[in-house]
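Peer 1: Pasting a structure below so you can have a look.
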Amino acid sequence: MTHIYLPDTGSNNALDVIEILVNVGDRVEKDQALFTLESDKATLDVPAPEAGTITAITIKVGSKIKTGDLIAEFSGSDTIGTPEVSAPVKTLPVETPQPVTKAAAPIAVATATTMTPEDTTDLYAGPSVRRMARLLGVNLKLVTGTGDKERITKDDIRAHVKNIVERAQTLPTQSGSGLPTMPTIDFSQYGPIETKALSRIKKLTAQNLSRNWLLAPHVTQFIDADISDMEAFRKSQSATYDKQGIKLTPLVFIMKALVAALKAAPTFNASLDASGDNLVLKNYFHIGIAVDTPDGLVVPVIRDVDQKSLSTLAKELAEVGTKARAKQLTAADMQGSSFTISSLGGIGGTAFTPIINLPNVAILGVSKAAIKPVWDGTQFAPRLMLPLSLSYDHRVIDGAEAARFIVTIANYLQEIRLLLL
Ligand code: COA
């Protein structure tokens, strides 16, 4: 039987026992913390002098103890510590257990070993508790202390961790993002099925679209632009360009009208910075064009659209379309857009709500132009109307701005001579 006495703490004042970290019968390792004491300046751990078994604890939480007080009994060899209250450190055996932190060290020193992610120096927690938190990656600020003066104990950390684990286990329908996920369904119970793996592009696109849809509050504004005159002009030029192998589609006109509108409304040619506090306005006009390929959607970028002629844009569009379908686009080809167009005009449909290609703040959807009766003030006239859909990030853009922007695009398309001004 070995008596353990409180070694010299460097203070003549009594220390409060704030935590007892072991029970009678516990087998402890050398240096394992047994008790946590607190002075007005520091929190100290009393470590086990050697490996052994605790046979008695003679103090309890709330006891006030001084150097030399009997604190426990231990199945070990000789008496540990000293019964002499006033015995100085140098009279203690060499193997005398010392508090883990230097006795009477200021609490800031005691907590300096804390590696929890945030500053927790203002929290009541002993060194061993802090060590435990550090090992488990627990942020002490999130733990509710149930001890005296809301002191955080090891049991509090255990309860905190248990709570987190239980929540994770009892909510199987929650993904890491906290969003509900679909349950696994065996569709074969309803009829024959086959399973096809998604392409890498589709999986990446799915991730990006989900993120963009969740991050940006979307609103979509629609308009029908009268492109009768524009189409008449385009068709009048087509033959000439066809001879040069250039296909002048409505899309190049739309790109030009878009850039003119972006110049008039720079907040649409911008991105929110990571803090969400600033808008980064871009002085370049790089337009992403969504291209459907057998493997999925890709968005190559046509650079400096403001500086290029319609025929150059038409050539580049054809090139990126071919490259996309041949899987030859590089990452650089798809980076740096300041705005994006998704055109389904060659396919059909009357309108759709495109998802913003973040970090762009808006996207223009283009549907198939169709002849519609338009009231000209005295009668209905057949006009070629191009349906446009503008989805915008409502964190950045107000509804009135969006309406003005889409009207501006429609005006440029209706009267393309305005683009010359
Ligand atoms: N309304 C009516 N007709 C339209 C139109 C519109 N809004 N947009 C294009 N068209 C016509 C074109 O004039 C062309 O007609 P033509 O064959 O009689 O000359 C036809 O539709 C096909 O045009 P397309 O080849 O799609 O050219 P584009 O310049 O409109 O598109 C790309 C360029 C790169 C987007 C295109 O090559 C492509 O990949 N298109 C597929 C559609 C797509 O993937 N959209 C994105 C989906 S998210």
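The values are calculated or read from the model by the stated rules, or taken from the named source; none is laboratory data. Because the structure is a prediction, the values reported are computed rather than measured. In this analysis, Cβ positions are derived from the backbone assuming ideal geometry, glycine residues included, and neighbour counts consider all displayed protein chains. SASA here: full protein model, heavy atoms, side chains in, ligands and nucleic acids out. Shrake-Rupley method; radii C 1.70, N 1.55, O 1.52, S 1.80 Å.
Peer 1: Suppose the filter is at pLDDT 95 or above, part of a helix (DSSP H, G or I), surrounded by 13 or more Cβ atoms within 10 Å (Cβ to Cβ) and β-branched (Val, Ile, Thr); does THR408 pass it?
Peer 2: yes
Peer 1: Among the residues of segment 122-148, count how many are in contact with a helix residue (DSSP H, G or I) (Cβ under 7 Å, 6 or more places away or on another chain) and either among the charged types (D, E, K, R) or assigned to a loop (DSSP other than H, G, I, E, B) (or both).
Peer 2: Total satisfying the criteria: 8.
Peer 1: Being part of a loop (DSSP other than H, G, I, E, B), without any contact (Cβ under 8 Å) to a residue 60 or more places away in the chain and open to solvent by 50 Å² or more (accessible area, probe 1.4 Å) is the filter here, so list the residues in segment 357-382 that pass it.
Peer 2: Result: LYS368, ASP376, GLY377, THR378, GLN379.
Peer 1: Among LEU44, LEU37, which is at pLDDT below 80, more than 13 Å from THR2 (Cβ to Cβ) and in a strand (DSSP E or B)?
Peer 2: LEU44
Peer 1: For segment 320-332: of the residues being surrounded by fewer than 18 Cβ atoms within 10 Å (Cβ to Cβ) and not polar (S, T, N, Q), which is nearest to the ligand (Cβ to nearest atom)?
Peer 2: Step by step, filter segment 320-332, then rank; the result is GLY321.
Peer 1: Looking only at residues in segment 284-319 that are more than 13 Å from the ligand (Cβ to nearest atom) and buried (at least 22 other Cβ atoms within 10 Å of the Cβ), which one is farthest from LEU344 (Cα to Cα)?
Peer 2: Among them, the one singled out is PHE285.
Peer 1: Okay, moving on. Got a sec? Which of GLY336, GLY349 is open to solvent by less than 60 Å² (accessible area, probe 1.4 Å), within 11 Å of the ligand (Cβ to nearest atom) and in a loop (DSSP other than H, G, I, E, B)?
Peer 2: GLY349
Peer 1: Check ASP242, ASP229, ASP224 and return the single one that is under 23 Å from LYS368 (Cα atoms), in contact (Cβ under 8 Å) with a residue 60 or more places away in the chain and open to solvent by 70 Å² or more (accessible area, probe 1.4 Å).
Peer 2: None of the other options fit; the residue is ASP229.
Peer 1: Sticking with this structure for a sec: Among the residues of segment 253-275, are any within 15 Å of the ligand (Cβ to nearest atom), in a helix (DSSP H, G or I), of a type in the set (Phe, Trp, Tyr) and crowded, with 20+ Cβ neighbours inside 10 Å?
Peer 2: Within segment 253-275, one or more residues are within 15 Å of the ligand (Cβ to nearest atom), in a helix (DSSP H, G or I), of a type in the set (Phe, Trp, Tyr) and crowded, with 20+ Cβ neighbours inside 10 Å.
Peer 1: What's the number of the condition ASP69 fails, among (1) surrounded by 14 or more Cβ atoms within 10 Å (Cβ to Cβ); (2) modelled with pLDDT under 50?
Peer 2: (2)
Peer 1: Same structure, new question: Show the residue pairs that are 6+ apart or on different chains and have beta-carbon atoms under 7 Å apart, the first residue being within segment 314-340 and touching a residue at least 24 places away in the same chain (Cβ under 8 Å), the second being open to solvent by 60 Å² or more (accessible area, probe 1.4 Å).
Peer 2: ALA314/LYS247; ALA318/LYS247; LEU329/LYS323; SER338/TYR284
Matching residues to (1) touching a residue at least 12 places away in the same chain (Cβ under 8 Å); (2) of a type in the set (Phe, Trp, Tyr):
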| residue | (1), (2) |
| --- | --- |
| ASN269 | yes, no |
| LEU279 | yes, no |
| PHE285 | yes, yes |
| ASP295 | yes, no |
| VAL298 | yes, no |
| ARG303 | yes, no |
| LYS308 | no, no |
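Peer 1: Under 8 Å by Cβ, and 6 or more places apart or on different chains, what pairs join a residue from segment 1-25 that is more than 14 Å from PRO49 (Cβ to Cβ) with one that is open to solvent by 60 Å² or more (accessible area, probe 1.4 Å) and in a strand (DSSP E or B)?
Peer 2: ALA14/LYS64; LEU15/LYS64; ASP16/LYS64; VAL17/LYS64
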